[in-house]
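The structure is given below, and queries will be raised subsequently.
The values are calculated or read from the model by the stated rules, or taken from the named source; none is laboratory data. Keep in mind the model is a prediction, meaning the values are calculated, not measured. Neighbour counts run over all protein chains shown; Cβ positions are idealised from the backbone, glycine included.
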Amino acid sequence: MTTATPISGLSQTANDPVEQLPSGRARWGTLLVVLAGTFMSILDFFIINVAIPSVQRDLHTNAATIQWIVAGFALAIASLVITGGRLGDLVGRRRAYGIGLAVFTLASAACGLAPTAGLLVAGRVVQGAGAALMMPQVLVIIQASFTGNARVRGFTAYGLTMGIAAVFGQLIGGLLIQADLVGLGWRACFLINVPIGAMALVQLRRHVPDAPRTGQSRLDIVGVVLSSAALFAIVLPLVQGQSQAWPTWTWLSFAAAVALIAEFVWYERRLARRGGHPLLDPAMFRVRSLSVGLSAQLAFNCGLASFFFVFALFVQDGHGFTALESGMLFSAIGIGYLLTSSLAGRIAGVLGRQTVALGGALLVVGHLTLLMTYGDVRSLWALSPALAAVGAGMGLVISPLATVVLARVSPAHAGAASGMLTTVMQVGGAVGVAIVGILFYGVPAGAGHSARIGDGFGAALYFLVAVNAALVVLVQLLPHDRTEVPNQWNPNQSSTV
């Protein structure tokens, strides 16, 4: 019988657990339920940037509290997502996804109703914890629920959903705040998650197949503590250091992260040698598609998050665009993204891993074009073609790269690997924003405000060109033999049990 493999192109053995595939229209119900969580998680990472001025006025917050409203969400995801993926392996992916979705939905309601800034920060942290449990399960559920052409469309829809949430997040936020539905203002940016999450929860048991457990009943508690502490020690100074001029505690935190990572690696190897069940089995990283793919994902996310950050500053702070006008300008990226992401599965069926390289090349072209033109155009709307190229590059990277990273991971490690992928996305975003912040704000004083903003944007674009060029190079190190090309890139190539 031909069925889906548990994770991106792996062939199962006869003893591997097999999920019962939903049939017909029910499969698309599965997709809608899991993509609802994906959309909300990505949207809330970006939509908060638009809401910040309104939050600051309404709740009378200081700059430090505002930073925590933004950073608390990212810190919780980055610190807990590996654990969230592992829990999906242990308790079943539907159950883990459902718990994460319920936590995220309730926390969104708490954020939208928060009477004080402190409660809003707490709600954001809990939101991040829910997303950390929810997000690693999505790719595994899609892979287990679809085969052939349907799987291609499923992964394309996943990438499309991520891109729409990221690219149009600021536009959606601007529209919600301007509409001021029943006087909610910025609160609508969080409360919009409640009906979406509630509907997905109601349909969860009906549409999402219940993946069997891997047979491993223990959670590596020591590994959880060490990995979470290490990731927290990395991400916290990255999101707080720039605004505080990199005080001593940030460097001590980085040093502690190095020690914690070394201790984590040593412990995981020791546990694996003793026949235990490590949080991240070292054997996973012997698979080149995973180890090299994670490096490529890190490079891509360094550029992705930092571009959205610096371009928003460029158009709003440097040129006086409102949040809504800025979001409308981002629509040019969305058009390019929608065009290529909808075709990414077909293109990948022909080009394989070079689809990601093509996307990286388009990103380089888009950023180089911006670098050559941003200072001379009479209207920022003239930058739309370059922004469309950036969006087109994103559309050819997001879904194909995630697919190839997970292409050869064993079923027992599927959730952990998916959690690792999400962690790299979060850490890459934090690293990119920190570096771009240094470049953007590090322009020497002397010129006028607009000129300094422009010079900072130009310096950031050099970095963006470099990281996307690195992405193109790293793709060439990925496996190109047919044994490590994901089956869903080739609908005619089936995987059998």
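Could you check region 350-386 and list, in sequence order, the residues that are without any contact (Cβ under 8 Å) to a residue 40 or more places away in the chain and closer than 14 Å to LEU474 by Cα?
Correct list: LEU358 only.
Here's another thing I want to ask about it. So in region 317-334, with the set limited to residues that are hydrophobic (A, V, I, L, M, F, W, C) and under 20 Å from the mean Cα position of the chain (by Cα), which one is surrounded by the most Cβ atoms within 10 Å (Cβ to Cβ)?
That would be ILE333.
Select from region 144-186 the residues that are surrounded by fewer than 21 Cβ atoms within 10 Å (Cβ to Cβ) and of a type in the set (Gly, Ala, Ser) and write down the one among them that is nearest to SER54 (Cα to Cα).
By that ranking, first place goes to GLY185.
Of the conditions (1) free of Cβ contacts under 8 Å to residues at least 60 places away in the same chain; (2) in contact with a Gly (Cβ under 6 Å, 6 or more places away or on another chain); (3) farther than 27 Å from ILE47 by Cβ, VAL152 clears all except one; give me its number.
(1)
Kindly indicate the residue of region 248-265 that is of a type in the set (Val, Ile, Thr) and touching a helix residue (DSSP H, G or I) at 6+ places or on another chain (Cβ under 8 Å) and also farthest from VAL427 (Cα to Cα) among those meeting that condition.
VAL265
Additional query: Out of all the residues in region 364-407, which are in contact with a Lys or Arg (Cβ under 7 Å, 6 or more places away or on another chain) and farther than 26 Å from VAL287 by Cβ? Step through it out loud before you land on a result.
At the first step, the residues of region 364-407 found to be in contact with a Lys or Arg (Cβ under 7 Å, 6 or more places away or on another chain) are 404.
Passing the criteria: none in range.
Taking helices (runs of 4 or more DSSP H) that do not extend beyond region 210-318, which have at least 1 residues that are of a type outside the set (Val, Ile, Thr), under 30 Å from LEU380 (Cβ atoms) and not assigned by TED's automatic domain parsing to the domain that holds PHE46?
Where helices (runs of 4 or more DSSP H) fall fully within region 210-318 and carry at least 1 residues being of a type outside the set (Val, Ile, Thr), under 30 Å from LEU380 (Cβ atoms) and not assigned by TED's automatic domain parsing to the domain that holds PHE46, they are 221-240, 288-316.
I'm told VAL126 meets every condition in (1) among the hydrophobic types (A, V, I, L, M, F, W, C); (2) under 30 Å from GLY223 (Cα atoms); (3) out of contact with any Cys (no Cβ under 9 Å at 6 or more places or on another chain) except one. Can you identify the failing condition by its number?
(3)
Let me ask something else. Given GLY185, GLY159, which one is farther than 26 Å from LEU421 by Cβ and touching a residue at least 60 places away in the same chain (Cβ under 8 Å)?
That would be GLY185, the only listed residue that is farther than 26 Å from LEU421 by Cβ and touching a residue at least 60 places away in the same chain (Cβ under 8 Å).
Name the helices (runs of 4 or more DSSP H) wholly inside region 117-193 in which the number of residues that are more than 29 Å from GLN297 (Cβ to Cβ) is 3 or more.
Ranges flagged: 117-145, 169-179.
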